[in-house]
Amino acid sequence: MSRRKRIISQIIDSETISQGSYVITGFSGGPDSLCLLHALSELRDILELEIVPVHVNHKLRENAYAEAENAVMLCEKLGLDCVCFEADCMEASRDAGISTEEAGRLIRYEIFDEVASDLEASGVPRDRIVIALAHNADDQSETVLFRLVRGTGGKGLAGISRMRLSDQGFMIVRPILSVTRQEIEEYVEETGLKPNIDESNSTNDYARNRIRNELLPYLEKNFNPSVKDALRKYASIANEDNEFLEGLAMFEAESCLEVLEQEGAVKLDASYIRELPLALTRRLISMVFSIMNREDALSYRQIRSITDLINSDNPSGMLNLAGGIVARRNYGFVVFRFAEDDEALYPGSGAYNDAAGEHDGDEELLELNARVLLRREFEYYDKTGRFAAFDYDEFNRVYPGQIGSIELRTRREGDYIAIKDGKRKKIQDVFVDQKIPKTERDSILMAAIGSEILWILPSEQDEEGSPHRRGKYSQNYQITDTSGRVLFLELTTTLC
């Protein structure tokens, strides 16, 4: 059997596309989406499908408009009309304080929902509308490994779901999730298709690309040549377990979760949740972050901190969390909302008692999150939080592959920070110059790699207008006009 017939058979066997469906297909014009669109067009008459290809120009690359034109041309050859949209991912990334990659994903899903809503308004029954996306088996393996190395729970390890509902309640399906990237390439070659090629996939600017281009090949060579298949099997098992727990969590959410649409917030009933098993509590917290479109920012440590806040005997408390979210406990409820600028400026020394305006004595845990951003991503990033930024390529020349060695700690013997003209200054001398009392010097936090200090965090005595309002930064690895990538260090606060 030819590769074309095999993939078409796999789509039918996936049971994601029903007879008489209106199929909105995400179409970048790349090999994956072109394979899916071409295969669906082969099934058009057999399954009586109406196919609506949707192309989104994110305006991120110089050839984005040429790719959009090629997408339209490819659709015309298949006898389909391509619906094209433009979106400013840079602006969306800046406004939301997220990466352009994540901003693009959110925009695409919003557009798919918009097209589906228009179809429904034109008289197409909702249950006949599906949104088909071209995620493949390799995407599944990479996603599971990406989430595993970042630290995720059972839901994250379930990977990409074959079928789920969109924010507006339309069915999203992934008909070629069991098809490997090699099989897709063979399909494209066999059928003579000419897809768009995204050059950024071959670079290692994004963490996911490094997993695809470096980590997975290393694991295949040195540990398990079938590691991709093993990851997919693990995701399948985790998904079955997760579906069961998600069903229970959805049932419980009706009694303890409320979306406050006018306030842009989500409220959990802490008193109710305290009686639930921890596995359900974790999924309810994950549900909150999903509602706020910040699910990727949620870590195990933050889930633990939120559960501690829920279970605390103190009736009041506040957490600054990743993704710009603040969780505020007020007696029997915890409300999650996006932080105001002044709430996210300083690292605190305790969770505040909202009623009394005093520290409640609970210890806070500060997390330092290090990541690499493209220069253009950094320029549009929401810079209202607590962060430091450096030229990644310069840093990597001195400390190759050592981002994970950057730690948040207090001073040690031999610590220094780079100052002007390539000189160094002892941290002790820095504290003396800043007139920091001796009693406070051992509590000042710093981002360090070895004995080199990259960032001295602001102290509570730094007042509005102080030159140290956001701390003191190393003069090494400064961002210049020629910088291509940025080492971005972001501080978040959680309750320990």
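Overview of values
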read-out	value
Residues (of a type in the set (S, T, N, Q) and under 32 Å from the mean Cα position of the chain (by Cα)) located in segment 1-48	GLN10, SER14, THR16, SER18, SER21, THR25, SER28, SER33
Candidates ASN320, ASN239, ASN213, ASN224, filtered to the one that is within 26 Å of LEU491 (Cα to Cα) and out of contact with any Phe, Trp or Tyr (no Cβ under 8 Å at 6 or more places or on another chain)	ASN320
The listed residue being more than 30 Å from LYS426 (Cβ to Cβ), of a type in the set (Gly, Ala, Ser) and either at pLDDT 85 or above or touching a Lys or Arg at 6+ places or on another chain (Cβ under 8 Å) (or both), out of SER405, SER316	SER316
Residue match in segment 228-242 (condition: over 24 Å from the mean Cα position of the chain (by Cα), at pLDDT below 95 and surrounded by fewer than 11 Cβ atoms within 10 Å (Cβ to Cβ))	no
Every residue from segment 319-342 that is part of a strand (DSSP E or B), more than 17 Å from CYS256 (Cα to Cα) and out of contact with any Asp or Glu (no Cβ under 7 Å at 6 or more places or on another chain)	LEU319, LEU321, ILE325, PHE338
Subset tally (residues that are assigned to a loop (DSSP other than H, G, I, E, B), within 18 Å of GLU377 (Cα to Cα) and aliphatic (A, V, I, L, M)) for segment 46-66	1
Failed criterion for LEU74 (all others in (1) within 19 Å of the chain's Cα centre (by Cα); (2) surrounded by 17 or more Cβ atoms within 10 Å (Cβ to Cβ) hold)	(1)
Qualifying residue in segment 87-100 (condition: modelled with pLDDT under 95, among the aliphatic types (A, V, I, L, M), touching a His at 6+ places or on another chain (Cβ under 7 Å) and in a loop (DSSP other than H, G, I, E, B))	yes
Strands (runs of 3 or more DSSP E) within segment 422-496 that include 2 or more residues under 22 Å from ASN369 (Cα atoms) and modelled with pLDDT of 80 or more	446-449, 452-456, 485-495
Segment 432-450, residues that are within 37 Å of the chain's Cα centre (by Cα) and closer than 24 Å to ALA389 by Cβ	ILE444, LEU445, MET446, ALA447, ALA448, ILE449, GLY450
Members of segment 139-195 that are part of a loop (DSSP other than H, G, I, E, B), loosely packed, with under 15 Cβ neighbours inside 10 Å and touching a residue at least 60 places away in the same chain (Cβ under 8 Å)	GLY151, LYS194
Residue match in segment 15-24 (condition: buried (at least 24 other Cβ atoms within 10 Å of the Cβ), assigned to a strand (DSSP E or B) and modelled with pLDDT of 95 or more)	yes
In segment 383-434, residue farthest from ARG485 (Cα to Cα) [restricted to those that are of a type in the set (Asp, Glu) and crowded, with 16+ Cβ neighbours inside 10 Å]	ASP415
Residue pairs meeting the criteria (Cβ under 8 Å; at least 6 apart or on separate chains; first on the phi > 0 side of the Ramachandran plot, in segment 52-80; second of a type outside the set (A, V, I, L, M) and part of a helix (DSSP H, G or I))	LYS59/CYS89; GLY79/SER41
Test set (1) at pLDDT below 50; (2) part of a strand (DSSP E or B) - SER349 fails condition number	(2)
Residue list for segment 399-421, restricted to those being without any contact (Cβ under 8 Å) to a residue 40 or more places away in the chain, out of contact with any strand residue (DSSP E or B) (no Cβ under 7 Å at 6 or more places or on another chain) and either under 20 Å from GLN475 (Cβ atoms) or outside any loop (DSSP other than H, G, I, E, B) (or both)	GLY404, GLY414, ASP421
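The values are calculated or read from the model by the stated rules, or taken from the named source; none is laboratory data. Since we're looking at a predicted model, the values are computed, not measured. Positions of Cβ are generated from backbone atoms using ideal geometry, with glycine treated the same way; all protein chains shown enter the neighbour counts.
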